[in-house]
Structures are given as structure tokens and as C-alpha cells.
Amino acid sequence: MMLGLKVPTDAAWAEEAARDLGRVLVDHAHCEMKAASNALSLAARHPHSVALVRALTDLAREEIDHFQRVLVFLERRGLALGPPPVDAYAAELRRARRELPASALPSAALVDRLLVGALIEARSCERFKLLLPKIDERALHTFYGELFAAEARHHRTLVDLAIAVSGGDEAGVLARLEHWSEVEGRIVRALASAAPRTTIHG
Ligand SMILES: [Fe+2]
Ligand SMILES: [Fe+2]
């Protein structure tokens, strides 16, 4: 499975998403904005490490760029951005954070947030790959191919940052990531059986 994900997205997801690319684009735009604001809020809360702040603000800058590029595709289609769709996936991940057993890693709360971010990147990456063969519009196809690579890189960056802030405990962080991957997989499976969706995550 891609980037440590435990549960593959159902093949029917891509069929459905491809039928309503406008909705996918609206949801996707909001995902990019959330990724940027999450990176910024983590940077603002952890000013002690210049390296961490630099990496997170670089990430935020790139996510804002992705957001603005999705906006162009929305505008070309005459679609409004509108309010963010309900994000059950993110809500379930937040809830799981409170229910998970405590982590003994240094900076455990920050490590968890970085790992959750890493899994969200992995899931986006997986879904861009599933969507790619369904997209006829050349510019959008090129864009999603580029995002596929970017989100895979972000996954790696966030895992590396988690290892760095834990003081270099790679084995400990990867064990925690394994735990989070199980949780994320259960959430994806539950959401897929609840209703058909055309979102980048849930
Ligand atoms: Fe992005
Ligand atoms: Fe990303």
C-alpha cells in the first residue's frame, strides 16, 4: 500500500469522483487551504525551533500555491469556492487523537499532529493517483500528476519533522505512525460504507 496506508480507497470512489469533478475541485481547494493553515498554526505554536518553523512555513507556502492553482480551475468552470464541505474525515482524526493511548515520545502532541498531517498527505496522494486516469482535461491531468508527487514529498517531510522533534527517535515515531495508520484506515473504511463521497479524503 502506498505510503504506509492500511486501507486502499475503494475503486468506486474514483468513478464517482470523476463524474463530479467540480465538487472534487471545491473540496480539494478547501483541503489545500486547511493544509496551509494547519502548517502555519503549528509553526506559530512552536517558535522555539527555527528549522521547524522554516520547514512548516515552506510547506504552508506550497499549499497556498496549490490552493490558488485549484482556484484557477474553479474559475474556469465558473464554480464558486463556497463554504468548506463537512469534513468528517478530519473530525474523526481529531476525535481519535483524544482517544489514543498517550505517547511517551518527547513533544508527543506535536509528533501526533505532524503524523496525522503526514497521513492526510498520503491519502491525498493516493486519491490523486486514482483520479489521474479518469481526467481528460490536459491541464488538470498535469496539475494532479504534479500534486501526486508534491503530496508524497510532504508526507515524507512531515514524518521527518516528527522524528526531528522527538529528538531523533525514528523507531518510536514509526511505531506511532503505524498506530495512526490503523486508525486512519478504520476511519476511511467507515466513511466509505456510510455514503458514497466525492471528496479528496473521507
Ligand atoms: Fe497540497
Ligand atoms: Fe501537501
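Numbers below:
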{"quantity": "Residue with peak Gaussian network fluctuation, the chain [Cα springs, cutoff 10 Å], from D65, D136, D87", "calculated": "D136"}
{"quantity": "Given charges at beta-carbon only (K, R positive; D, E negative), |dipole| of the chain in Debye", "calculated": "280"}
{"quantity": "FRET efficiency, 1/(1 + (r/R0)^6) with R0 45 Å, evaluated for H48 and E137 via beta carbons", "calculated": "0.50"}
{"quantity": "Per-residue HN-Hα couplings for the stretch 5-20 [Karplus 6.51, -1.76, 1.60; θ = phi - 60°; Hz; x = Gly/Pro]", "calculated": "5, 9, 10, x, 5, 4, 4, 5, 4, 5, 4, 5, 5, 5, 6, 9"}
{"quantity": "Among A80, L115, C125 - extreme Cα towards positive end, dipole of the stretch 57-126, charges at beta-carbon", "calculated": "A80"}
{"quantity": "Backbone HN-Hα couplings from phi across the stretch 23-39 [Karplus 6.51/-1.76/1.60, Hz, Gly and Pro as x]", "calculated": "5, 4, 5, 4, 4, 4, 4, 5, 4, 5, 5, 5, 4, 5, 6, 5, 4"}
{"quantity": "Debye, to nearest 20: dipole size of the stretch 97-202, +1 on Lys, Arg Cβ, -1 on Asp, Glu Cβ", "calculated": "340"}
{"quantity": "Under Karplus coefficients 6.51, -1.76 and 1.60, residue-wise ³J(HN,Hα) of the stretch 119-128 in Hz, glycine/proline x", "calculated": "6, 4, 4, 4, 5, 4, 4, 4, 6, 4"}
{"quantity": "Mean projected area in nm² (Cα convex hull; one quarter of hull surface) for the stretch 110-156", "calculated": "3.0"}
{"quantity": "Around A102: net Lys/Arg minus Asp/Glu count, Cβ-Cβ under 15 Å", "calculated": "+2"}
{"quantity": "Principal-axis tilt of helix 170-194 within the chain, Cα atoms, nearest 10 degrees", "calculated": "30"}
{"quantity": "Semi-axis lengths, Å, the stretch 73-145, gyration tensor of Cα atoms, sqrt of 5 times eigenvalues", "calculated": "33, 16, 10"}
{"quantity": "Dimensions (Å) - the stretch 93-194, Cα atoms, principal axes, largest first", "calculated": "48, 33, 18"}
{"quantity": "Length gained when the stretch R98-Q68 is fully extended (0.36 nm per residue, less Cα-Cα span)", "calculated": "7.5 nm"}
{"quantity": "Radius 14 Å from Cβ of M2, net charge of other residues (Lys, Arg +1; Asp, Glu -1)", "calculated": "+2"}
{"quantity": "Three semi-axes of the equivalent ellipsoid, the stretch 1-128, Cα gyration tensor, whole Å, largest first", "calculated": "28, 20, 12"}
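The numbers here are math on the coordinates, done by the rules we state, and not lab data. Because the structure is predicted, anything quoted here is derived from the model rather than measured. Here Cβ is always computed from backbone atoms with ideal geometry, including for glycine, and neighbour counts include all displayed protein chains.
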